[in-house]
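Right, one structure below, let's go through it.
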Amino acid sequence: MTYRHYPDRERALSQLDRHGSTTTPTEFQTKMAQDARAAMEAAGRTLRPMHDAMLQLAASAPVLLAQTAPAAYRFVEALKQPLRA
């Protein structure tokens, strides 16, 4: 398709506005959006303690492993070392 310039700015804007019809959301769509927002907020409140517990567990895992299984701890630490050529 070849480029056709618009010599008139107002005509160009009216061409764009022709395809920009907006409709107001229905009552059902509004209710669904409110329900979805409420569900996301509830999920955030519910999952926050689990997230914090996982971070705490990840921070204490090396210490617990070293105390309960020293051989396994040394093995995991050896895996972290770079390979020797």
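The values are calculated or read from the model by the stated rules, or taken from the named source; none is laboratory data. Because the structure is a prediction, the values reported are computed rather than measured. Counting neighbours? That spans all protein chains shown, and the Cβs are built from the backbone with ideal geometry, glycine included.
Annotations
- Test: residue in region 46-60 that is modelled with pLDDT under 80 and assigned to a helix (DSSP H, G or I): yes
- Tallying residues that are surrounded by 10 or more Cβ atoms within 10 Å (Cβ to Cβ) and among the β-branched types (Val, Ile, Thr) within region 47-72 yields 1.
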